[in-house]
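What follows is a single structure, written as structure tokens, with notes after it.
The values are calculated or read from the model by the stated rules, or taken from the named source; none is laboratory data. This structure is a prediction, so every number in the text was calculated from the model and none was measured. Glycine gets a Cβ as well: all are built from the backbone with ideal geometry, and neighbour counts include every protein chain shown. Note: accessible area is taken over every heavy atom of the protein model, side chains too, but ligands, DNA and RNA are not part of it. Shrake-Rupley method; radii C 1.70, N 1.55, O 1.52, S 1.80 Å.
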Amino acid sequence: SWTPGGETLQGLLDRGKISRILFNNLTNPHADFKDDYTFPADRKPYDHQLEAWDILSGPQPRSLLVTSGTGSGKTETFMVPILDDLARQIEQKDEQLVGVQALFLYPLNALIESQKSRLAAWSEGMHGKLRFGLYTGAMPDTVRDAGGYACEVRDRKRLREAPPPLLITNMTMLEYMLIRGSDSPILEKSQGKLKWIV
């Protein structure tokens with residue numbers, strides 16, 4: 001089994017190790033996801049999660065490789081520090097973040113889709129200021145209906161107009177993005193902003 005750390009999520013907030021906005025979204029996610037993605041304030045993250053958060057949130061973040069068993073919270077080891085960084089920017093600017101700051105590369109579209117619920121759960125409470133895009137070949141050029149979540153960029157038109165800070169894609173789409181003229185606005189509006197590669 002994995003070892004719980006010596007500090008609760010509430011303790012991390014009290015010591016300024018996690019932003020208030022992210023804390024609120026973790027402990028009280030969007031209603032659609034409360035059953036699966038609520039992170040109670042009194043929960044003690046695992047040792048390997050706390051260690052990863054310290055490394056990735058430090059003044060000089062370093063590269064990190066996490067190897068651990070299924071269900072041990074590997075996704076949270078990188079997702080929490082990235083969301084915290086973006087949430088702190090929102091606390092300072094109080095505006096929508098534009099430009100890719102975190103690039104997630106997954107080998108399978110099913111893995112890309114698997115991140116949607118978690119990202120919506122922990123980002124929707126930021127009212128569209130923190131957004132993500134799942135950029136696969138299945139992303140339509142335009143979406144007419146206003147459904148979905150404010151935190152999700154659902155079509156290529158909006159992706160190119162205002163690239164979200166979180167872009168989840170695969171190697172094929174990344175290659176297309178680098179050579180396809182229609183995707184050049186994503187690169188132009190993200191220039192100098194990329195900080196995270198997962």
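Positive-end ranking of HIS30, TRP2, SER19 along the dipole of region 1-52, with charges on Cβ about the Cα centre, is headed by SER19. Solvent-accessible area of region 72-131 (1.4 angstrom probe, protein heavy atoms only): carbon and sulfur portion equals 50 percent. Checking every one of the trypsin sites (Lys or Arg not before Pro) in region 83-176 against DSSP loop status and a limit of 12 other Cβ atoms within 10 Å picks out ARG144.
Using only side-chain charges placed at the Cβ, +1 for Lys and Arg and -1 for Asp and Glu, the dipole size of region 31-79 relative to its Cα centre rounds to 140 debye.
Loop exposure criterion: GluC sites (Glu not before Pro), DSSP state outside H, G, I, E and B, at most 14 other Cβ atoms within 10 Å. Applied to the chain, the longest stretch between such sites is 96-198. A dipole drawn for the chain from +1 and -1 charges on Cβ atoms has a positive end, and of GLN60, ALA121, LEU111 the residue lying farthest that way is GLN60. For region 152-198, the Cβ-based charge dipole about the Cα centre amounts to some 120 debye (Lys, Arg positive; Asp, Glu negative; other atoms uncharged). Here the chain has an Rg and Dmax of 16.6, 50 Å, counting Cα atoms alone. Hey, what angle do you get for helix 47-57 against the long axis of the chain, alpha-carbon based, 0 to 90 degrees rounded to 10? That helix lies at roughly 50 degrees to the long axis. Between the beta carbons of LEU178 and THR38, assuming R0 = 35 Å, the FRET efficiency works out to 0.35 to the nearest 0.05.
Remark: region 132-198 carries 54 Å² of accessible area per residue (probe radius 1.4 Å; ligands, DNA and RNA excluded).
Can you give me the distance in nm between label points at GLU91 and ILE55, each placed 7 Å from the Cα along the Cα-to-Cβ direction? Placing both labels 7 Å beyond Cα along the Cβ direction yields 2.4 nm. The stretch between THR70 and THR136 holds 21.2 nm of extra length on full extension. This uses 0.36 nm per residue minus the Cα-Cα distance.
Pairs from the list LYS157/LYS195; LYS74/LYS157; LYS44/LYS193; LYS44/LYS189; LYS93/LYS195; LYS74/LYS129 with a Cα-Cα gap above 30 Å: LYS74/LYS157; LYS44/LYS193; LYS44/LYS189.
Treat every Asp and Glu Cβ in the chain as -1 and every Lys and Arg Cβ as +1, leave all other atoms uncharged, and give the resulting dipole magnitude about the Cα centre to the nearest 20 debye.
Charge dipole, the chain, about its Cα centre: 380 debye, nearest 20.
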